[in-house]
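Visitor: Below you'll find the structure I mean.
Just so it is clear, none of the values below were taken in a lab; they were calculated from the coordinates. On a predicted model such as this, the values are computed, not experimentally measured, just so you know. Virtual Cβ from ideal backbone geometry, glycine too; neighbours counted across all protein chains shown.
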Amino acid sequence: MKNSLYLKKYVEIHPNNKMGWYLLGKEYEQSGQQGKANYCFNQSGGIYEAFERSKVPSDIWIEYETRLLKQAHRKELRTRNLRRAMVAMMLILLTLVPDVNTPGRATNKHVASTKPNENPSNHKAANQQSQEVSNLEDPAPELIHTNSLFTAGEAGSESERARILSNLLAKPMQIPDMVTMLMMKKRGSWLMWEQDMPVGYTLKRISSGGALTYQPYDAKECNCEPPDNKELVAQAAEWARGQEQLALLTSAIRAYKIKTGKLPQAFGDLVRPFPGNWISGKTDEIKQSFEPVMKRFKSGEIPGQAQHGGSVGNVPLEDSKDAAKKNESTLLTSTYGNRPFFTEPLKIIVDKQNHRLAVVSGNIMLRNYKVGLGGEKTPQGDFVISDKIINPNGHSNGEFGSRGMQLSASNYAIHGTNEPESVGLDESLGCIRMSQEDVEELFDIVPMGTPVHINKGVLPDDLLAPKERFHTEEKQDQTNPQKTYHWLH
C-alpha cells in the first residue's frame, strides 16, 4: 500500500497524468479495491484501453511505475532536504561572517559585536546535509552509446501515444539498442511532417542485462528537466530529410511500374532526359538506396504496406537489429524496421477553397503550399503528372515560370508564374500557379506519374515547408524545345 500512497500523492499533484492514474488503478486492483481501481481507470482515459489490450510484459510497467514512484519520492525528499540544506547554508554563512574587530572591517553600531559560538557539530551537520543534497538523484544507468533508429507518431493524443508505445514494447527483446520517437502535430485528419519534429521519447537498452529504459523528453510528461538532446535533434532532422528522399524514390519506382508494366532495371532508368525524367535529378543517398529498395520491391515487402507511416507496431522487428549488417543504405538502416518510413506513394492534393496544394503520403502531410487558381475555371477531379518540364516557355521568367508539371492529357498544369502577386488568388484561366521557390521544390520532391486530386475543403490553412528546401542535384536535360505549351495559365 506504500506505493499506492505515493501514487495517490503523485496524481494529486499531476491530475492530468493519465499514466499515473492507470498505475494507481493497478495498485488498487491488486489490493482488491475494485471500486477505487475503476475510478482511476476512468481517469486514465484511453491509456487503460490501450495497455489492457496490449501484450506488454508486466516488468515493463513495473519499471515505469518505479520511475514514477521515484519521482514522487524524490520530490518529497527534495522538499525536506531543501529545508535542511537552507539551515546548513545559514550555519556556513554565519561561520564566514567576519568579526567586527577584523582589520579593515568597517564598524557599524547596528552590527552585533559578538561572534556566534562555533560548534563542531554544526559543521558536521552542514556537511552531512550538503552531502544529502548532492546525492538526491540516483546515478544514471550505464547505457549503450549508439546512433538511434528513428520513427514518428502522433503527438497530441495520449491514447495514440500509448498505443504506439505499447506496440513498441510488445516484444521488448527485439527492440534495437535505441529507438527515438518523433512527434507529429495533428491538423484535422492530417499528421504534419516536419524536419524539426520534437523528440517525444527514447527507448534505450541498458548494457547490463539488456533492460530497456524509457526517457520522455516532454517536461510535462516526466515532471522533470529533460536531458539535453541537441545531438539527437540534429540526427532526427537528418533522418527526416532522408525519408523524404526515400519517399521520392519509392514513389518513382511505383509510378514507373504502373506506366511501363515492369520495375526499373537500374537507377538510370528513372533519371533520363525529358520525357523519361521520372526523378528530376540525383542525390548520393537516393543512388545508394536504389538497390536495397529494389530488393524490397522484388520481395513484395514495400508494396505490401498499406498503412500510413506511423504504423510502428506492424514493423517486423527482427529486421531492425541486423539491418546495418545486411544493408548499406543509411536511409533504410536509420529507420526503425529497416524500411522506408512512408509506406504509401506521394500524392498531390489541391484545395480550391483555401488555395492550398499539399504533398501527402497516406494521412501524413509533407508540404502545404499557397497556390493561385482560377476559381470555377480550375477543374475538380483526379489527374496524374504526365510531363515535367524545366523552363516550359524556353526561359525561367516566362508566364509559366521555371517549372511546369502537366496534368494528364489536358491544358492544365502546375507551374510557376511571372505574376507572383497572383498566388493565393483566383486569377488564372484554370491552371495552378506557385511561387518560384515552391514550384521548384515541388518539381524535385514528386516524380512523374504522381496522382493529383483537386477538391474543396480538404486541406488545413497551415503552410508547411522547411527552411532548407528539398532539391536534387546533377539534373539531366529536362527542357522540351520541340513543343510550345498552351496551358490555361
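Visitor: Using a simple spin-label model with points 7 Å from Cα along the Cα→Cβ vector, what separation in nm is obtained for N42 and N354?
Guide: 3.7
Visitor: Which pairs, out of K259/K456; K36/K204; K298/K388; K8/K186; K370/K456; K287/K388, put more than 24 Å between their alpha-carbon atoms? Intermediate results must be reported in sequence, preceding the final value.
Guide: Working: K259/K456 29 Å; K36/K204 34 Å; K298/K388 27 Å; K8/K186 32 Å; K370/K456 14 Å; K287/K388 21 Å.
In this structure, K259/K456; K36/K204; K298/K388; K8/K186 exceed 24 Å between Cα atoms.
Visitor: Pairwise over distinct Cα atoms, reciprocal of the mean inverse distance: report the Kirkwood radius of the stretch 222-272 in Å, one decimal place.
Guide: Numbers: mean 1/r = 0.0724 Å⁻¹.
Across the stretch 222-272, the inverse of the average 1/r is 13.8 Å.
Visitor: How far is it, in nm, from the label point at Y214 to the one at D284 when both lie 7 Å from their Cα along the line to the Cβ?
Guide: 3.9
Visitor: Could you pull out every residue, at least 5 positions away or on a different chain, whose amide H is within less than 5 Å of the one on M184? Hs are placed 1.01 Å off N in the peptide plane, and Pro or chain starts have none.
Guide: G153, E154, A155
Visitor: With N set to the number of residues, divide the alpha-carbon radius of gyration of the stretch 255-297 by 2.2 N^0.38 Å and report two decimals. Provide the component values of the computation, followed by the final result.
Guide: Working: Rg = 10.3 Å, N = 43, 2.2 N^0.38 = 9.2 Å.
Dividing the Cα Rg of the stretch 255-297 by 2.2 N^0.38 Å gives 1.12.
Visitor: Between S31 and Q174, how high is the FRET efficiency from 1/(1 + (r/R0)^6) when r is the Cβ-Cβ distance and R₀ = 22 Å? Nearest 0.05. Provide the component values of the computation, followed by the final result.
Guide: On the way: r = 34 Å, r/R0 = 1.53.
After rounding, the FRET efficiency stands at 0.05.
Visitor: Given R₀ = 22 Å, FRET efficiency for T330-C224 by Cβ-Cβ distance, to 0.05? Write out the running numbers ahead of the final one.
Guide: Details: r = 32 Å, r/R0 = 1.48.
E between T330 and C224, to the nearest 0.05, is 0.10.
Visitor: With a point put 7 Å past each Cα toward its Cβ, work out how far I258 is from E468 in nm, to one decimal.
Guide: The two pseudo-label positions are separated by 3.1 nm.
Visitor: Moving on to the next point. For D461 and K377, FRET efficiency with R0 = 30 Å and r from the beta-carbon atoms, rounded to 0.05?
Guide: It comes out at approximately 0.85.
Visitor: Specify the inter-centroid distance of the stretch 417-439 and the stretch 24-40, based on alpha-carbon positions, in whole Å.
Guide: 61
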